[in-house]
Amino acid sequence: MRGEKQAGLRARIHTLGCKLNYAESSTFARQFASLGVEVVGEGGVAEIEVINSCAVTEQAQRKVRQLLHRIRRGNPTALRVLVGCYAELSGEELQHRGEVSLVVRRGQKGQLAELACARMRFATDAGCEQRIEEEIFFPAYSVGERTRAFLKVQDGCNYGCSYCTIPIARGSSRSSTVAEVLREANAIVGRGVKEIVITGVNTGEFGRARGESLRDLLRALAGVQGLSRVRISSIEPNLLTDGLLSTMAEVGIVMPHLHVPLQSGSDAVLRAMRRRYTPEMYEQRILAARRALGDPFVGVDVIVGFPGEQESHFEETYSLLRAVQPAYLHVFPYSARPNTEAAAMGGRVASEVVVERVQRLLDLSKELHDRYCQRYIGSEQSVLVERQDSAGRGEGFTENYIRTSFQSRRRCEGEIVRVRLGGERDGDKVRGAIIEGVRSE
């Protein structure tokens with residue numbers, strides 16, 4: 001079966017969840033293509049339906065179940081292949097109930113297409129449901145758009161936060177090597193991609209077991225010909241060191257854009273969460289980032305309604321966010337996950353209180369984002385054009401992650417152009433005027 005062409009088969013891949021999943025789904029598509037299986041998009045007819053799942057919250061799991069129901073109803077004879085975090089947590093149960101045909105574990109992702117095709121050919125499990133205990137790194141990258149790619153460099157986590165199932169679903173921390181990432185980065189740039197987002201569950205842990213580091217990787221990526229931009233998808237506060245910030249500033253290719261999860265601004269709640277920093281340390285790390293990078297766009301994750309979160313704890317979070325002044329908040333209502341320490345904690349916060357606190361943070365997020373964008377009104381910025389319609393309306397991101405729209409007489413999709421930001425908004429985008437005849441490349 002290995003490497004055997006499967007002409008006539010079609011596969012469709014559904015992706016839910018994080019950037020890692022999107023990188024892995026793109027790699028699954030290349031696996032199928034290498035076997036001669038046609039990968040179809042939404043609305044296409046497929047014999048194989050792959051669901052790359054998320055389980056970070058109960059809502060995420062509900063979306064997976066709803067998708068499975070739609071597939072069973074709309075394409076009842078298809079092979080339904082479940083992979084991803086929900087497959088690790090509840091795959092056996094879903095398969096027992098007949099919801100899915102095949103469960104692919106994290107140690108089998110490198111053979112997903114072969115396993116699916118074998119199941120189609122032989123109509124047997126072929127050992128596919130056996131859990132593979134070995135923690136191997138599955139390299140992956142996405143190239144869905146020709147402007148930006150998500151490149152997976154790390155997977156798994158050893159932190160053991162009390163609310164999180166990632167160590168169960170994705171296993172222990174492991175990563176690629178600098179040499180392997182460079183090989184993939186060159187392949188990506190060879191497709192015309194100008195920006196790479198390096199991503200992982202705990203990206204700052206890259207290379208630790210091999211004596212390499214994220215700093216080594218950033219220095220190496222700076223030497224990739226044709227690569228204009230690098231972003232780090234997320235970095236833990238305790239790993240946002242002065243050394244890393246210095247390297248980000250020095251190499252010249254890393255964009256002034258950080259996503260640094262906070263989760264709570266209360267020391268008591270952070271201890272209950274088993275996070276590895278204090279509110280004071282978090283604030284110091286953001287200040288250090290600004291000293292090194294100027295005025296970076298800082299995105300922040302916040303969990304609202306963690307067990308035992310009192311009004312005073314939430315006010316500490318709110319006050320810290322006002323003091324830190326990030327550019328954007330990603331707000332999550334707490335969702336109890338099975339087999340986690342937090343699920344057994346008392347002090348549940350009433351749902352109506354959680355809703356009110358979430359709304360306050362969403363309002364704050366809009367205020368902070370507007371304020372950040374306002375600082376750049378009238379300035380000229382380099383924009384990587386991600387898409388442009390037939391009428392010439394283009395959009396893309398500045399180096400510091402301000403989404404921008406503009407009008408241009410010429411086709412410039414995939415280029416880096418100069419845009420003067422105006423004061424008008426176009427939904428979540430800042431309208432600008434392209435400076436014709438001037439390119440940033």
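Remark: residue 204 falls outside the filter, which requires a residue to be assigned to a loop (DSSP other than H, G, I, E, B), of a type in the set (Gly, Ala, Ser) and in contact (Cβ under 8 Å) with a residue 12 or more places away in the chain. Among the conditions (1) surrounded by fewer than 16 Cβ atoms within 10 Å (Cβ to Cβ); (2) farther than 20 Å from residue 142 by Cα; (3) under 25 Å from the mean Cα position of the chain (by Cα), residue 89 misses just one, which is (1).
Conditions tested, residue by residue: (1) of a type in the set (Gly, Ala, Ser); (2) under 24 Å from residue 170 (Cβ atoms).
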position	(1), (2)
67	no, yes
76	no, no
83	no, yes
90	yes, yes
106	no, yes
109	no, yes
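Applying the condition of being of a type in the set (A, V, I, L, M, F, W, C) and in contact with a strand residue (DSSP E or B) (Cβ under 8 Å, 6 or more places away or on another chain) to the stretch 272-292 and asking which residue is farthest from residue 336 (Cα to Cα) yields 289. Checked against (1) touching a strand residue (DSSP E or B) at 6+ places or on another chain (Cβ under 6 Å); (2) modelled with pLDDT under 95, residue 150 passes all but a single condition, namely (2).
The rows are residues; the columns are (1) within 30 Å of residue 381 (Cα to Cα); (2) touching a Leu at 6+ places or on another chain (Cβ under 7 Å); (3) without any contact (Cβ under 8 Å) to a residue 40 or more places away in the chain; (4) not assigned by TED's automatic domain parsing to the domain that holds residue 220.
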position	(1), (2), (3), (4)
268	no, no, no, yes
271	no, no, yes, yes
283	yes, yes, no, yes
297	yes, no, no, yes
310	no, no, yes, yes
315	no, no, yes, yes
319	no, no, no, yes
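One residue stands out among those in the stretch 153-183 that are part of a loop (DSSP other than H, G, I, E, B) and over 27 Å from residue 343 (Cα atoms): the one that is farthest from the chain's Cα centre (by Cα), which is 177.
Got a sec? Which of 29, 60, 78 is at pLDDT 95 or above and over 20 Å from residue 98 (Cβ atoms)?
29
When residue 186 is tested against (1) assigned to a helix (DSSP H, G or I); (2) within 30 Å of residue 307 (Cα to Cα); (3) without any contact (Cβ under 8 Å) to a residue 40 or more places away in the chain; (4) not small (Gly, Ala, Ser), only condition (2) is not met.
Candidates 411, 403: the one that is closer than 21 Å to residue 228 by Cα and surrounded by 16 or more Cβ atoms within 10 Å (Cβ to Cβ) is 403. The residue of the stretch 124-143 that is modelled with the highest pLDDT, among those that are more than 17 Å from residue 50 (Cβ to Cβ) and touching a Lys or Arg at 6+ places or on another chain (Cβ under 6 Å), is 137. Answer with yes or no whether residue 269 is within 18 Å of residue 164 (Cα to Cα) and touching a strand residue (DSSP E or B) at 6+ places or on another chain (Cβ under 9 Å). So residue 269 passes the test. Buried (at least 19 other Cβ atoms within 10 Å of the Cβ) and more than 21 Å from residue 401 (Cα to Cα), is that true of residue 191? In short, no. When we screen 199, 165 for residues that are over 20 Å from residue 29 (Cα atoms) and either of a type in the set (Val, Ile, Thr) or in the same structural domain as residue 83 (by TED's automatic domain parsing) (or both), the only hit is 165.
Only one residue in 427, 392 is touching a strand residue (DSSP E or B) at 6+ places or on another chain (Cβ under 8 Å) and without any contact (Cβ under 8 Å) to a residue 24 or more places away in the chain, so which one is that? Let's see the steps before the verdict.
Numbers: 427 fails: touching a strand residue (DSSP E or B) at 6+ places or on another chain (Cβ under 8 Å).
The conditions single out 392.
For (1) among the charged types (D, E, K, R); (2) modelled with pLDDT under 95; (3) buried (at least 20 other Cβ atoms within 10 Å of the Cβ); (4) within 25 Å of residue 188 (Cβ to Cβ), each residue gets a yes or a no:
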residue: 52; (1), (2), (3), (4): no, no, yes, yes
residue: 84; (1), (2), (3), (4): no, no, yes, yes
residue: 93; (1), (2), (3), (4): yes, yes, no, no
residue: 98; (1), (2), (3), (4): no, yes, no, no
residue: 104; (1), (2), (3), (4): no, no, yes, yes
residue: 122; (1), (2), (3), (4): no, yes, no, no
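The residue that is nearest to residue 197 (Cα to Cα), counting only those in the stretch 213-222 that are free of Cβ contacts under 8 Å to residues at least 40 places away in the same chain and among the small types (Gly, Ala, Ser), is 222. Residue 183 meets the conditions (1) modelled with pLDDT under 95; (2) surrounded by fewer than 20 Cβ atoms within 10 Å (Cβ to Cβ); (3) not aliphatic (A, V, I, L, M) in every case but one. The failed one is (1).
The values are calculated or read from the model by the stated rules, or taken from the named source; none is laboratory data. Quick caveat: nothing in here was measured; it's all calculated off a predicted structure. Counting neighbours? That spans all protein chains shown, and the Cβs are built from the backbone with ideal geometry, glycine included.
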